[in-house]
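Working notes, beginning with the structure itself.
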Amino acid sequence: MKVLHISAQKPDSTGSGIYMSGIINGFRKKNIDQALIVGIDIADSEQAILEKFDGEVSLYPLKYNSEVLDFNVPGMSDNMPYPSTRYRDITSDQAAKMRDEFSKLLMDAVDKENPDVIICHHLYYISSITRELLPNKKIYAICHGTCIRQLMSNDFMRDYIIEKIGSLDGVFALHNEQKKTIEKLFGIGESKIKTIGSGYDSSIFNNKMVKKSGSIKISYAGKISCSKGLIPFINALNKIDISEYDIDIIFAGGASDCDELKEIIALAKKSCRKIDFVGKIDQQELADLFNSSDIFVLPSYYEGLPLVILEALACGCYVICTNTDGLEEWLSDSIKNSGMFNLVELPEMIDIQTPVFEQMEGFENRLKFALEKAVEYRKNNRERFLDISNLSWYGLSERLLALITEN
């Protein structure tokens, strides 16, 4: 069997890229031949991408900031951890260039690789072109959530995308709430949408049994962006009543919106708590950060199915996160009732990334109480962790493989 994976963006800088890489590595254990089309910057290292998969994947890069695609790689989020082009800002000329260059690359890859199955990531523009050009190929797509956010927030190629995604052989959702949204938005029959969940790389993210003592360490990892809820998180940190012992706070991640980054850093500098910004870190560094942390916090207004939650849990963190759509039903009762996990209710939202201002104080107070509870728990239970090894990438890739080969 040969599989061609397709993503419009970089394969190693976002949750969806890590998800795709996890599937590829899971399939490698099954000795499946694989090829990969990804969008990269002309300055990015192709060799570094190949080394992620030990050279066992054929790579077909769609290069941006090049002679023809003379703009940044388009991003499925409006704030990416690297310079990117927002889909809402793409001109008709740029969209046509994307289509032309991707079409040539796709047909070259299909001619050389002759894949039995194509797996696209995101229910969006590149996946739609793939369906149009290859009507007789077996093509599936995985929804990571951000594609739905794009369709709901701007009109870029909306009718075309909805039509072509609706004709895919199958779609994979991360959770059942997302499945319902896909069914309604694209008019796809329920039988063609399967829920597969998520996974994590257990070879990197595992508990090293680091001996914790002294200050309680709280970490955040993700884009440094207002949509990640970092402003109310910082305000909540200022409110917590834990003066009898110290806490260390670390924010890890990159940013593409300089104004938002400046706003968040400025607020952090005014905080009564010392907050260290360590920038973008690689997966091994992230695993080390989680292993040294007591508590991980993800206060986002919107997420697909955040892999970072699994990664933090696997490394032994107590996790606080917002109750975004589908998250609670995806989590097992053993996680939710473990005493090591706390879901915080979001404020009402004007849209998927804009909260109702009048409800922000209540949201900050809920974060405050969750933080105080977590710190108090960790003070007396520094070494406790959860075993979630059954949720690894290998388990996810086995579920996916069974679904794409059942027909």
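The values are calculated or read from the model by the stated rules, or taken from the named source; none is laboratory data. Fair warning: this is a prediction, and the values are worked out from it, not measured in the lab. FYI the Cβ positions are ideal-geometry reconstructions off the backbone, even for glycines, and counts take in every protein chain you see.
Below, the figures for the structure above:
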quantity	calculated
Filter result (part of a helix (DSSP H, G or I) and under 17 Å from Phe102 (Cβ atoms)) within region 18-41	Met20
Verdict on Ile165 being among the β-branched types (Val, Ile, Thr), more than 25 Å from Met349 (Cα to Cα) and surrounded by fewer than 23 Cβ atoms within 10 Å (Cβ to Cβ)	no
Single residue of region 334-354 satisfying the filter (surrounded by fewer than 18 Cβ atoms within 10 Å (Cβ to Cβ) and farther than 21 Å from Glu383 by Cα) that is nearest to the chain's Cα centre (by Cα)	Ile352
Hits in region 278-289 - residues which are assigned to a helix (DSSP H, G or I), within 17 Å of the chain's Cα centre (by Cα) and within 23 Å of Arg378 (Cβ to Cβ)	Leu286, Ala287
Filter pass, Ser203 being buried (at least 17 other Cβ atoms within 10 Å of the Cβ) and of a type in the set (S, T, N, Q)	no
Unique match (being under 19 Å from Ser167 (Cβ atoms) and of a type in the set (A, V, I, L, M)) among Leu69, Leu123	Leu123
Residues located in region 269-319, provided they are over 19 Å from Cys226 (Cα atoms), of a type in the set (Gly, Ala, Ser) and touching a strand residue (DSSP E or B) at 6+ places or on another chain (Cβ under 7 Å)	Ser292, Ser293, Ala312, Ala314
Ser256 being surrounded by fewer than 22 Cβ atoms within 10 Å (Cβ to Cβ) and of a type in the set (S, T, N, Q)	yes
Filtered residue count, region 362-400, keeping only those that are within 30 Å of Ile23 (Cα to Cα), part of a helix (DSSP H, G or I) and of a type in the set (Phe, Trp, Tyr)	2
Which numbered condition Tyr220 fails, given (1) more than 24 Å from Phe385 (Cα to Cα); (2) buried (at least 22 other Cβ atoms within 10 Å of the Cβ)	(1)
Residues located in region 126-146, provided they are in contact with a Pro (Cβ under 8 Å, 6 or more places away or on another chain) and touching a residue at least 40 places away in the same chain (Cβ under 8 Å)	none
Members of region 277-299 found to be out of contact with any Pro (no Cβ under 9 Å at 6 or more places or on another chain), surrounded by fewer than 17 Cβ atoms within 10 Å (Cβ to Cβ) and among the charged types (D, E, K, R), listed by number	Asp282, Glu285, Asp288
Candidate set from region 143-158 (those that are crowded, with 18+ Cβ neighbours inside 10 Å and assigned to a helix (DSSP H, G or I)); member that is farthest from the chain's Cα centre (by Cα)	Leu151
One residue from Leu230, Leu174 being closer than 23 Å to Ile18 by Cβ and either among the polar types (S, T, N, Q) or modelled with pLDDT under 95 (or both)	Leu174
So Ile24, is it surrounded by 20 or more Cβ atoms within 10 Å (Cβ to Cβ), of a type in the set (A, V, I, L, M) and touching a Phe, Trp or Tyr at 6+ places or on another chain (Cβ under 9 Å)	yes
Check on Ser13, surrounded by 17 or more Cβ atoms within 10 Å (Cβ to Cβ) and modelled with pLDDT under 95	yes
Qualifying residue in region 364-372 (condition: at pLDDT below 90, touching a Ser or Thr at 6+ places or on another chain (Cβ under 9 Å) and of a type outside the set (Ser, Thr, Tyr))	no
